[in-house]
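The values are calculated or read from the model by the stated rules, or taken from the named source; none is laboratory data. In this text the structure is predicted, and so the values were computed from the model without any measurement. Don't worry about glycine lacking a Cβ; one is built from the backbone with ideal geometry, like all the others, and counts go over all protein chains shown. Protein only, heavy atoms only, side chains kept; ligands, DNA and RNA dropped before computing areas. Shrake-Rupley method; radii C 1.70, N 1.55, O 1.52, S 1.80 Å.
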Amino acid sequence: RLWSSVNPINDELLYSLGNAAGNLSSALKDFDHPHAHRNFEWDLASIKWTEEYLEYFTPEEREIIESYQVTYDEVLKKMRSIRQGVVHNDVNDYNIVVTDDLLHPEVKGNIDFGDAIHTAVINDLAITIAYAVLDKPDPLSASTAIVGGYHDNFPLKEEELEILYMLVAMRLIISL
């Protein structure tokens with residue numbers, strides 16, 4: 001079944017999601033393909049295009065979005081010096097496969113690699129978090145469970161953690 005049909009989603013399942021995402025990053029660490037090296041609007045390293053759509057938001061929404069866009073240039077500089085590789089780039093509710101076990105569900109893997117791209121590896125964790133915590137009452141706590149599972153399978157580096165929050169925010173802006 002897909003993540004979108006799972007209810008409830010508890011910390012154990014969020015940890016499993018992070019662990020599966022870390023497993024995917026680990027599996028892809030030595031993989032490369034010429035088609036992954038492309039310009040793609042959904043790449044977190046290519047977010048400038050979002051500035052063209054600010055007119056569609058209320059002044060209050062625009063102010064929030066612009067505050068992230070302005071500080072994002074610093075994140076882009078840091079992204080160039082961290083681990084790069086091919087990432088799934090679209091770990092969302094409809095691309096996550098979960099076991100049928102109703103008491104102790106686990107994430108088994110991902111489908112739909114059509115958005116895969118060569119970029120900063122940490123982007124996959126940011127994208128995973130962005131979608132998984134979208135409707136959570138405590139997104140920070142939910143993020144912590146995901147990050148813990150990811151780190152246990154694909155240890156994060158300090159410079160990646162420093163920009164993770166901004167990457168999550170930018171994926172949400174791209175989605176908007």
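A compact table of results
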| item | result |
| --- | --- |
| Hits in region 113-169 - residues which are of a type in the set (S, T, N, Q) and surrounded by fewer than 21 Cβ atoms within 10 Å (Cβ to Cβ) | S141, T144, N153 |
| Conditions (1) of a type in the set (A, V, I, L, M, F, W, C); (2) touching a Ser or Thr at 6+ places or on another chain (Cβ under 6 Å); (3) closer than 13 Å to L24 by Cβ; (4) assigned to a helix (DSSP H, G or I): number failed by V91 | (4) |
| Output for region 153-176, where each listed residue is hydroxyl-bearing (S, T, Y) and in contact (Cβ under 8 Å) with a residue 40 or more places away in the chain | S175 |
| Test for L54: is it touching a helix residue (DSSP H, G or I) at 6+ places or on another chain (Cβ under 7 Å) and in a helix (DSSP H, G or I) | yes |
| Looking only at region 42-53, and only at residues there that are over 19 Å from I122 (Cβ atoms) and among the charged types (D, E, K, R), the one that is most open to solvent (accessible area, probe 1.4 Å) | E52 |
| Pairs with Cβ under 7 Å, 6+ apart, first in region 98-122 and closer than 17 Å to D30 by Cα and at pLDDT 95 or above, second surrounded by 13 or more Cβ atoms within 10 Å (Cβ to Cβ) and of a type in the set (S, T, Y) | V121/S25 |
| Qualifying residues in region 1-28 (those that are out of contact with any helix residue (DSSP H, G or I) (no Cβ under 9 Å at 6 or more places or on another chain) and at pLDDT 95 or above) - the one surrounded by the fewest Cβ atoms within 10 Å (Cβ to Cβ) | S5 |
